[in-house]
Amino acid sequence: MNIVNDNTCSWINDLNERSNLKTLDRDKSCEWLIVGAGYTGLSAARKLSEIHKNQKIIIIDAQLAGEGASGRNSGFLVDTTLNDGFTSNKELSNYKKKTDIYKLGIDAVKKFIKQYQVDCDWNESGKYFASSNQKDRKILENFSKTLLKLNFEHSILEKNDLSKRLGTNFYNLALYTKGGILLHPGKLVRAMIDTLSDNVELLENSQLNKWSKDKDTIICKFNNHKIITKKIIFCTNGFLRSSGIKKNYNFPLTLTASMTRSLSDREFKSIGEPKEWGVLPVRPMGATIRMTRDKKILIRNTAEVHSPFKMTKSYLDKRSSSQKLGIKKRFPTLADDIIKSSWSGIVSRTRNGSQIFEKIDENIFAAGCYNGSGIGVGTLFGEQIALKASNENSAEINVINSRNNPTLLPPEPFLSIGVKTRLIYERYRSRNDI
Ligand SMILES: Cc1cc2nc3c(=O)[nH]c(=O)nc-3n(C[C@H](O)[C@H](O)[C@H](O)COP(=O)(O)OP(=O)(O)OC[C@H]3O[C@@H](n4cnc5c(N)ncnc54)[C@H](O)[C@@H]3O)c2cc1C
């Protein structure tokens, strides 16, 4: 099975075309092989190259580096996420562990962009958990209590205020958190590629098909060649399962998103010239939506069980039509044909929402499964798995290790049936806000 991506993602198309691409064109050996060149793999490569200046490090990707989920996400670098519940102290302490990890993730991205002077349209604008449905007030009030206990600055906003801030009358209420950053995901991951140091070799369009362990080495087979490595780190996120990693603990989901062209000055004026903003849904399957700094609207309103390897154009077109309706509902005065591009991307989930950060076997490591928080947590986990694989410890690893471990998934076909049923149910519950 080959990973084939659409080439229609606006974020990626904003960037300059890269040159000097290298593929695996002969057998190689190395001390370190990193599989997957998204935020996780690139951050692992950056950290390994600092620790092992004289060792050979290869990072390899089945497609172009950064063009997986890392270059095609919605660009919310989050400090908090909204989950149902929060009724007991145990849940509160679990939630705190999650947000401690998010904070470290934000710190890791901040440190990277400061060190390398990265321009990725960073905006500490905060974020809205918004709903059109008054029935969601209870969820937001509960969420507010949790945030209060953990000292996250936030406020509940009503329709009038929201319509001024967002330029749409669609939402009836929202919880605004001051924390949370909006950024250009493509620019961030491109900077991670551009700043790889000289002792890291980046190989692209080279898919790992099979790997096996033989005493102290790991043999990795690609289409025509192989790499023999001493240590390997799997950073394939949505493809961890197909890489044979923690197969009973993670599964891929396919998300699709669309972005409009920039609104004209007249269109932008007609919606009240709002500042850049980002809205996350209150219910899991509602739409994530953003007004970017260049006056484009991004919408992401699907999460599906689908082949992670390819989405056909007709499938993507159907999802794009649903996103057109999502924009129309929120901005009825805008033209019908303003969507400029639609794309899909793969994320990885575990049953209990916990991430994978592990030594799988001697010299074999893996990090992934961040749900909707991979910008920060992927950057953090990439750096920290490199430390762990180098037998080093850190305060960050202690925080990561205190999270709950991912729980076992049911076997197939129960898993697929269960996930599909849950997604249909959640989509129904979110139907007003898709
Ligand atoms: C539409 C969408 C919206 C999202 N929105 C947000 C958001 O707003 N905020 C947020 O924090 N997160 C968001 N996410 C999630 C986030 O993008 C991911 O969690 C993050 O990019 C994971 O980074 P990664 O490096 O682990 O994985 P990826 O970026 O997926 O990189 C993994 C790489 O592994 C490669 N690979 C896989 N298998 C092989 C193989 N066999 N051989 C070689 N290479 C292989 C892939 O080609 C890919 O490039 C979103 C994701 C999507 C798809």
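The set of residues in the range 184-225 being of a type in the set (Asp, Glu), within 13 Å of ALA37 (Cα to Cα) and not in a helix (DSSP H, G or I) consists of GLU201, GLU204.
Of all the numbered requirements in (1) under 21 Å from LEU33 (Cβ atoms); (2) in contact with a strand residue (DSSP E or B) (Cβ under 9 Å, 6 or more places away or on another chain), GLU392 misses one, and that requirement is (2). Taken across the range 331-351, residues that are farther than 20 Å from SER264 by Cα and not in a strand (DSSP E or B) do occur, with at least one present. Looking across the range 319-353, the residues that are farther than 19 Å from LEU423 by Cα and open to solvent by 20 Å² or more (accessible area, probe 1.4 Å) come down to SER321, LYS324, LEU325, LYS328, LYS329, PRO332, THR333, ALA335, ASP336, ASP337, ILE339, LYS340.
Contact annotation: residue pairs with Cβ atoms under 6 Å, 6 or more positions apart or on different chains, pairing a residue in the range 58-81 that is within 14 Å of ASN205 (Cα to Cα) with a partner that is near the ligand (Cβ under 7 Å from one of its atoms) and open to solvent by 30 Å² or more (accessible area, probe 1.4 Å), are ALA62/ILE3; ALA62/GLN207; GLN63/ILE3.
Could you please find all residues in the range 9-26 being farther than 15 Å from GLY66 by Cβ and either aliphatic (A, V, I, L, M) or open to solvent by less than 80 Å² (accessible area, probe 1.4 Å) (or both)? Matches in the range 9-26: THR23, LEU24.
Quick grid of which residues meet (1) more than 10 Å from the ligand (Cβ to nearest atom); (2) within 25 Å of GLY71 (Cα to Cα):
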{"site": "ARG190", "(1), (2)": "yes, yes"}
{"site": "VAL200", "(1), (2)": "yes, yes"}
{"site": "ASN205", "(1), (2)": "no, yes"}
{"site": "SER212", "(1), (2)": "yes, no"}
{"site": "ILE219", "(1), (2)": "yes, no"}
{"site": "PHE239", "(1), (2)": "no, yes"}
{"site": "PHE251", "(1), (2)": "yes, yes"}
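Filtered by the rule that a residue be open to solvent by 10 Å² or more (accessible area, probe 1.4 Å) and either within 16 Å of the ligand (Cβ to nearest atom) or of a type outside the set (S, T, N, Q) (or both), the range 41-56 gives ARG46, LYS47, GLU50, ILE51, HIS52, LYS53, LYS56. Cβ separations smaller than 6 Å between residues 6+ apart or across chains give the following pairs from the range 193-208 residues that are of a type in the set (Asp, Glu) to residues that are modelled with pLDDT of 95 or more: GLU201/ILE58; GLU204/LEU21; GLU204/ASP61; GLU204/LEU64; GLU204/ALA65.
Taking first residues from the range 12-30 that are among the acidic types (Asp, Glu) and partners that are at pLDDT below 95 and in a loop (DSSP other than H, G, I, E, B), the Cβ contacts under 9 Å between residues at least 6 apart in sequence or on separate chains come to ASP25/ASN224.
The values are calculated or read from the model by the stated rules, or taken from the named source; none is laboratory data. Being a predicted model, the structure only gives us computed values, none of them experimental. Virtual Cβ from ideal backbone geometry, glycine too; neighbours counted across all protein chains shown. These area figures cover heavy atoms from the full protein model, side chains too; ligands, DNA and RNA do not enter into them. Shrake-Rupley method; radii C 1.70, N 1.55, O 1.52, S 1.80 Å.
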